[in-house]
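S.K.: Next up is a structure, given as structure tokens.
The values are calculated or read from the model by the stated rules, or taken from the named source; none is laboratory data. Keep in mind it's a predicted model, so treat the numbers as computed, not measured. Neighbour counts run over all protein chains shown; Cβ positions are idealised from the backbone, glycine included. SASA here: full protein model, heavy atoms, side chains in, ligands and nucleic acids out. Shrake-Rupley method; radii C 1.70, N 1.55, O 1.52, S 1.80 Å.
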Amino acid sequence: MPRFGLHLHPDKTKLIEFGRFAAINRKNHGLGKPETFDFLGMTHYCDKSWKRGRFRVGRRPAGKRVRQKLIEIREELFRRMHWDKETLAKWLGKVIAGWLNYYAVPGTSKVLEAFCFAIKRYLLRTLRRQSQFEPTKWALVDGLVKRFWPKPSTRHPWPGQRLVV
């Protein structure tokens, strides 16, 4: 790595026990659960399959990235508050579709639904601030979501299915 001018940051780089036997080894040593690590915007952790209890790498969107994206969306909604309802919902649908294209991996459905619900709350708040006279109801927001937003569902197969040749 030094040959290419790259150096490891000592605070960000460490060896962790991870893998098939990490949970058992750490339990025997009295250390608790295996550590997690963030890589490419995802938090990776030791997990077990629900069917046979075999080891698998669990992935979920990193909390830092989720919070950062929600803040960006909230600020952008404040800037676009003057847009009409349909245009705002279409724009949010495109943003959510792009986010789901990257983060919608197997095992992340709860995080995806929570992310979309948070954006739905931001949309409701923005629509309520647009008008002083007509209160916006959840029914209107639900109708916009059904028309313009993609469903928060898994978009990528398991690696075992994807890499079979």
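S.K.: Considering only residues that are in contact with a helix residue (DSSP H, G or I) (Cβ under 8 Å, 6 or more places away or on another chain), of a type in the set (Phe, Trp, Tyr) and closer than 24 Å to Val57 by Cβ, which ones fall in segment 91-143?
M.R.: Trp99, Tyr103, Phe115
S.K.: On to the next question. I'd like the full set of residues that are within 28 Å of Ala104 (Cα to Cα) and either more than 22 Å from the chain's Cα centre (by Cα) or surrounded by fewer than 12 Cβ atoms within 10 Å (Cβ to Cβ) (or both), limited to segment 19-36.
M.R.: Answer for segment 19-36, where residues must be within 28 Å of Ala104 (Cα to Cα) and either more than 22 Å from the chain's Cα centre (by Cα) or surrounded by fewer than 12 Cβ atoms within 10 Å (Cβ to Cβ) (or both): Gly19, Arg20, Phe21, Ala22, Ala23, Lys33.
S.K.: I've got another one for you. Considering only segment 11-38, how many residues are assigned to a loop (DSSP other than H, G, I, E, B) and under 20 Å from Ser49 (Cα atoms)?
M.R.: 10
One line per residue, one yes/no per condition, for (1) under 17 Å from Ser153 (Cβ atoms); (2) assigned to a helix (DSSP H, G or I):
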residue: Asp47; (1), (2): no, no
residue: Lys51; (1), (2): no, no
residue: Gly58; (1), (2): no, no
residue: Lys69; (1), (2): no, yes
residue: Leu77; (1), (2): no, yes
residue: Val95; (1), (2): yes, yes
residue: Tyr102; (1), (2): yes, yes
residue: Pro106; (1), (2): yes, no
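S.K.: Taking the conditions exactly as written (over 17 Å from Ile73 (Cβ atoms), among the β-branched types (Val, Ile, Thr), open to solvent by 50 Å² or more (accessible area, probe 1.4 Å) and touching a residue at least 24 places away in the same chain (Cβ under 8 Å)), does Thr108 satisfy them or not?
M.R.: Criteria not met by Thr108.
S.K.: So, one more: Scan (1) without any contact (Cβ under 8 Å) to a residue 40 or more places away in the chain; (2) part of a loop (DSSP other than H, G, I, E, B); (3) in contact with a helix residue (DSSP H, G or I) (Cβ under 6 Å, 6 or more places away or on another chain) for the single condition Met81 breaks and write down its number.
M.R.: Tallying (1) without any contact (Cβ under 8 Å) to a residue 40 or more places away in the chain; (2) part of a loop (DSSP other than H, G, I, E, B); (3) in contact with a helix residue (DSSP H, G or I) (Cβ under 6 Å, 6 or more places away or on another chain), Met81 fails exactly one: (1).
S.K.: Name every residue in segment 44-81 that is within 12 Å of Ile119 (Cα to Cα) and either in contact with a Leu (Cβ under 9 Å, 6 or more places away or on another chain) or open to solvent by less than 50 Å² (accessible area, probe 1.4 Å) (or both), in order of residue number.
M.R.: Once the filter is applied, which keeps residues that are within 12 Å of Ile119 (Cα to Cα) and either in contact with a Leu (Cβ under 9 Å, 6 or more places away or on another chain) or open to solvent by less than 50 Å² (accessible area, probe 1.4 Å) (or both), segment 44-81 yields Val66, Leu70, Ile73, Glu76, Leu77.
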